[in-house]
Amino acid sequence: MSQEILPDLQACVLCEDVRQEASGQQTLIGIIGMIPAPGVPIGFFKLCLWSRWCGGTGNFVQRSLILNPDDDQPIAESDVAFALPSLDAHATNVHVFGGLQFQKYGLYTVEVRLDGQLRLRFPLPVVPVQQN
């Protein structure tokens, strides 16, 4: 690869699991936009962050984090190295956060960084719900 071109983040989804099908396609299970919790702390065996990069060339490192609402300290983080050999290539990354616990209600944040630069930031609210 002669010249590095930064790729575009085509999509990024937080979900409960990513299943690899026999056809090679991926199925996202339990897409998460918020976490309703009857009490805290609330734990997850695993959460996955699925992302797809395209339109670039070179070798890159994607760092994904889930940040605490009070101090922006990570409660989970993961790195994945990937390569895009040509502009028509794409890379699909799955970050698996295991044994994750949200200690309190609040507005957590998911960040995606590419080679240390922030490329995406979105809220992940953990909110109280009434049990019936």
Net charge near GLN25 (other residues with Cβ under 13 Å of its Cβ; Lys, Arg +1; Asp, Glu -1) is +1
Percent relative contact order for the chain, counting Cα pairs under 8 Å at least six residues apart, stands at 28
So, with points 7 Å from each Cα along the Cβ direction, the LEU28-VAL13 label distance in nm works out to 0.4
With bins of 5 Å, the percent of all Cα-Cα pairs of the chain per bin from 0 is 2, 10, 19, 21, 17, 13, 9, 5, 2, 1, 0, 0, 0
Once amide hydrogens are built 1.01 Å from N within the peptide plane, the residues lying 5 or more places from LEU124 or on another chain with amide H under 5 Å from its amide H are TYR108, THR109, VAL110
Sequence order, segment 81-94: Karplus ³J(HN,Hα) from phi using 6.51 cos²θ - 1.76 cosθ + 1.60, θ = phi - 60°, Hz rounded, Gly and Pro as x, gives 8, 8, 10, 10, x, 8, 5, 8, 7, 9, 10, 10, 10, 10
GNM on the chain, Cα springs under 10 Å; top mean-square fluctuation among SER86, SER64, SER51 goes to SER86
Counting Lys and Arg as +1 and Asp and Glu as -1 over every other residue whose Cβ sits under 11 Å from the Cβ of ARG121, the net charge comes to 0
Contact order relative to length for segment 1-46, counting C-alpha pairs under 8 Å separated by 6 or more residues, stands in percent at 30
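Based on DSSP, what percent of beta bridges with both residues in the chain are antiparallel, to the nearest 5? Kindly include the intermediate steps, with their values, before the conclusion.
Numbers: 50 of 53 bridges.
Of the beta bridges lying entirely in the chain, close to 95 percent run antiparallel.
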Taking protein heavy atoms only, a 1.4 Å probe, and rounding to whole percent, the accessible area of the chain owed to carbon and sulfur comes out at 49
If one builds a Gaussian network model of the chain from Cα atoms under 10 Å apart, the most fluctuating residue listed among THR109, THR27, THR57 is THR27
Per its Cα gyration tensor (rounded if a/c is under 1.5, else prolate when a/b beats b/c, else oblate), segment 7-85 is best filed as oblate
When the charge dipole of the chain is computed with +1 on Lys and Arg Cβ and -1 on Asp and Glu Cβ about the Cα centre, the Cα farthest towards its positive end, among ASN93, GLY43, LEU114, belongs to GLY43
Burial-style ranking of 68-75, 9-16, average other-beta-carbon count within 10 Å with highest first, yields 9-16, 68-75
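The values are calculated or read from the model by the stated rules, or taken from the named source; none is laboratory data. Note that this is a predicted model, so its numbers are computed, not measured. Note that each Cβ is placed from the backbone with ideal geometry, even for glycine, and that neighbours are counted across all protein chains shown. When the accessible area is computed, the model is the full protein with side chains, heavy atoms only, and any ligands, DNA or RNA have been set aside. Shrake-Rupley method; radii C 1.70, N 1.55, O 1.52, S 1.80 Å.
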